Structure formats: C-alpha cells, structure tokens
Amino acid sequence: MDEAVFFNPGDAIASSHDFKEARRSAEIIKTSKPTGDKLIIAKNDKSGKYAIYFANKARDDHNGTSYHIKDKL
C-alpha cells in the first residue's frame, strides 16, 4: 500500500519517526476511542515522519502536505 494522499499536518492525531511506534499509537487510539472512522498511518514525503489521521481528513486537492499511506486501521 503506497497510495499518495494529501493532509493538513494540523489534523494529525499523533506522529512519530518510527512506524512501529506510530502503529502502536494508532491501535491505542482506536481501542480507547472506538469510532466507525478509519485511521490512516501515512509517511510524510519530505520529513520521513509517520502521522496518524482520520481517513475523512484526506484532501482531494493538492493544498495539503503530500503523504504516502502505509497502513489503515
């Protein structure tokens, strides 16, 4: 899964330089606040940081920051 997507960095729920840590954070968020919304772990193309977003925060236009989706929960 290496789909390109755009997000506003201010909408990130959490971020980390380590994918495993980001994944663990996403799992904690998902279990502590169960919602029907999907979580996305995406890697920032420029900084290399992984960020966690709600899937519905993705932007269709190129006004956000470019990320590549690494996982969905």
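Computed from the coordinates by the stated procedures, all read-outs in this text should not be read as laboratory data. It should be emphasised that the depicted structure is a prediction, and the values quoted were computed from it without experimental measurement. With ideal geometry, Cβ positions are generated from the backbone for all residues, glycine too; neighbour counts draw on all protein chains shown.
Restricting to region 47-59, and then to whatever is part of a loop (DSSP other than H, G, I, E, B) and touching a residue at least 24 places away in the same chain (Cβ under 8 Å), can you tell me which residue is farthest from Ser25 (Cα to Cα)?
Per the criteria, the residue is Ala58.
In this structure, is Ala26 crowded, with 18+ Cβ neighbours inside 10 Å and without any contact (Cβ under 8 Å) to a residue 60 or more places away in the chain?
yes
Counting just the residues of region 63-73 that are in contact with a strand residue (DSSP E or B) (Cβ under 6 Å, 6 or more places away or on another chain) and not in a strand (DSSP E or B), which one comes out surrounded by the most Cβ atoms within 10 Å (Cβ to Cβ)?
Taking the candidates together, the pick is Gly64.
Within region 1-21, can you find the residues that are in contact (Cβ under 8 Å) with a residue 40 or more places away in the chain and within 12 Å of Lys70 (Cβ to Cβ)?
Met1, Asp2, Glu3, Ala4, Val5, Phe19
Out of everything in region 19-46 that is under 19 Å from Asn8 (Cβ atoms) and in a loop (DSSP other than H, G, I, E, B), what residue ends up being farthest from the chain's Cα centre (by Cα)?
Lys46
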